[in-house]
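Everything on this sheet refers to the single structure shown next.
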Amino acid sequence: MKKLALIISAMCFSITSMADNYKILQMNTPSVKIGNQICKTGDVFRDAEPILWSNDKQAIKAMNLKTKQIKLFAAKVFLNLEAKSIKDYYIKKNHLSTRGGINTFSDLAEELSDTIYLYDVVQVESPVKVDSLSSYLISYVQNGEKKWRALMSIDNYFYLCRELFNEVDDRTEYTLTLYFRKKGIEDYMISDEIVVRLLPLEINNSN
């Protein structure tokens, strides 16, 4: 019996040691309850702790302290996946996904088929290296006029930034067409149905 207790204790320690800690870098509400604590920017929490969203427009940008990866976690995505915590989110997202990496433009189109929730900037992996002769472009229609925007890119990544969108009409959702452009070659359309939803930069917990 004593040996069994030691084994269970060792297993619990092993599971705990595998947990990742996240540090909150930004969020669009003053605070959010995670586990048993009210967290604010700068606080650290475990990935297995449940996040109690008070608004489906809430979002948290957090850094994994082990991998240093920074990611935006949006309440709406958690609610759609019925995920309670960051660990639960990754388990359910990986279970639903059949994607095996972005190796082609078709893979890229598939990766961007889910709604993109944009707070400030989203980094997207490119199947090809972007150099001085190539770039990514988006277009969208606003007030009956087609807008074109060039995307910032570095090596194998390009970026969707909030500044790309004109918010004078209080619009929060855009359907984008994404193109890849290379000098001397006709623009290649990757997808014409990429949905981007802008998250509010700041909301009250009571809203």
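Tabulated values for the structure
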{"read-out": "Residue 159 being among the aromatic types (Phe, Trp, Tyr) and modelled with pLDDT of 95 or more", "value": "yes"}
{"read-out": "Selection from region 131-152 of residues that are in contact with a Leu (Cβ under 9 Å, 6 or more places away or on another chain) and either assigned by TED's automatic domain parsing to the domain that holds residue 56 or of a type in the set (Val, Ile, Thr) (or both)", "value": "138"}
{"read-out": "Condition met for residue 134 (surrounded by fewer than 13 Cβ atoms within 10 Å (Cβ to Cβ), over 17 Å from the mean Cα position of the chain (by Cα) and of a type in the set (Gly, Ala, Ser))", "value": "no"}
{"read-out": "Residue 92 vs. criteria at pLDDT below 90, of a type outside the set (A, V, I, L, M, F, W, C), surrounded by 14 or more Cβ atoms within 10 Å (Cβ to Cβ) and under 26 Å from residue 125 (Cβ atoms)", "value": "yes"}
{"read-out": "Residue match in region 149-164 (condition: surrounded by 14 or more Cβ atoms within 10 Å (Cβ to Cβ) and among the small types (Gly, Ala, Ser))", "value": "yes"}
{"read-out": "Count of residues meeting criterion [free of Cβ contacts under 8 Å to residues at least 12 places away in the same chain and more than 27 Å from residue 202 (Cα to Cα)] in region 119-164", "value": "6"}
{"read-out": "Those residues of region 109-128 which are closer than 16 Å to residue 192 by Cα and surrounded by 15 or more Cβ atoms within 10 Å (Cβ to Cβ), in sequence order", "value": "109, 110, 111, 112, 115, 116"}
{"read-out": "Single residue of 72, 52, 79, 65 found to be more than 24 Å from residue 198 (Cβ to Cβ) and either aliphatic (A, V, I, L, M) or surrounded by fewer than 16 Cβ atoms within 10 Å (Cβ to Cβ) (or both)", "value": "65"}
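Residues checked against (1) touching a helix residue (DSSP H, G or I) at 6+ places or on another chain (Cβ under 9 Å); (2) among the aliphatic types (A, V, I, L, M); (3) closer than 23 Å to residue 159 by Cβ:
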| residue | (1), (2), (3) |
| --- | --- |
| 38 | no, yes, no |
| 50 | yes, no, no |
| 67 | no, no, yes |
| 80 | no, no, no |
| 84 | yes, no, no |
| 108 | no, yes, yes |
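Residue by residue, here is whether (1) part of a loop (DSSP other than H, G, I, E, B); (2) at pLDDT below 95; (3) closer than 25 Å to residue 124 by Cα holds:
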| residue | (1), (2), (3) |
| --- | --- |
| 5 | no, yes, no |
| 10 | no, yes, no |
| 13 | no, yes, no |
| 16 | no, yes, no |
| 22 | no, no, yes |
| 25 | no, no, yes |
| 38 | no, no, no |
| 49 | yes, no, no |
| 61 | no, no, yes |
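The values are calculated or read from the model by the stated rules, or taken from the named source; none is laboratory data. Bear in mind the structure is a predicted one, so any value in this text is a computation, not a measurement. In this analysis, Cβ positions are derived from the backbone assuming ideal geometry, glycine residues included, and neighbour counts consider all displayed protein chains.
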